[in-house]
Amino acid sequence: MFRTLTAYVLIGLSLLVCIPAVVFWFNPYTDAQIEASIVDTWEPEALITSVLLGLLAFLVLLSVLLWLFSFRSSARWPASAAVAASLGSACLVFAIHAAFSIHVTELTGVTFGPVFGLLHGS
């Protein structure tokens, strides 16, 4: 019972962590704001993406550990769903950052480092 409840909590946390990225997707910076300052647009978004991906990596780790220690099938299915939710949320957050970085590059011509600037900054 405890492992099943923990799995549902991990699913909820994974979905909550990706909310800022989804909100950004529907309410992005305008082209004028991006062209005026990358420091005020792309860099804060990249910082938030890094934090969200760090949290989601931790949730993935917890979900995988929960899955490994769930021996009954009634607990294994929710644990599998927690792994899928955390990985899916991480993919969503990264995809939104990648799309934004590509848009910024198209507007300004500025290219970013590896992994759309997440490894080296801008």
If one compares the long axis through the Cα atoms of helix 2-17 with the longest principal axis of the Cα atoms of the chain, the angle in degrees, nearest 10, works out at 10 degrees
Per residue, the convex hull enclosing the alpha carbons of the chain has a volume in Å³ of 86 Å³
Given 26-35, 74-83, the highest-first ranking by average Cβ count within 10 Å works out to 74-83, 26-35
For the chain, longest principal axis from Cα atoms; helix 42-68 axis from its Cα atoms; angle between them, nearest 10 degrees, is 10 degrees
So, relative contact order of the chain in percent, Cα under 8 Å, 6 or more apart, is 38 percent
Given 25 °C, 0.890 mPa s and a Kirkwood radius over Cα pairs, the Stokes-Einstein diffusion coefficient of segment 63-122 in µm²/s is 179 µm²/s
So the angle from the long Cα axis of helix 73-108 to the longest Cα principal axis of the chain, reported in degrees to the nearest 10, equals 0 degrees
With +1 on the Cβ of every Lys and Arg and -1 on the Cβ of every Asp and Glu, the dipole magnitude of the chain about its Cα centre, in debye rounded to the nearest 20, is 940 debye
From the Cα centre of segment 72-107 to that of segment 42-60, the distance in Å is 11 Å
The extension gain from R72 to I19, computed as 0.36 nm times the residue separation minus the Cα-Cα distance, is 15.9 nm
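Every number here is computed from the coordinates shown, using simple stated rules; none is lab data. Fair warning: this is a prediction, and the values are worked out from it, not measured in the lab. Cβ coordinates were reconstructed from backbone atoms using ideal geometry, including for glycine residues, and neighbour counts include every protein chain displayed.
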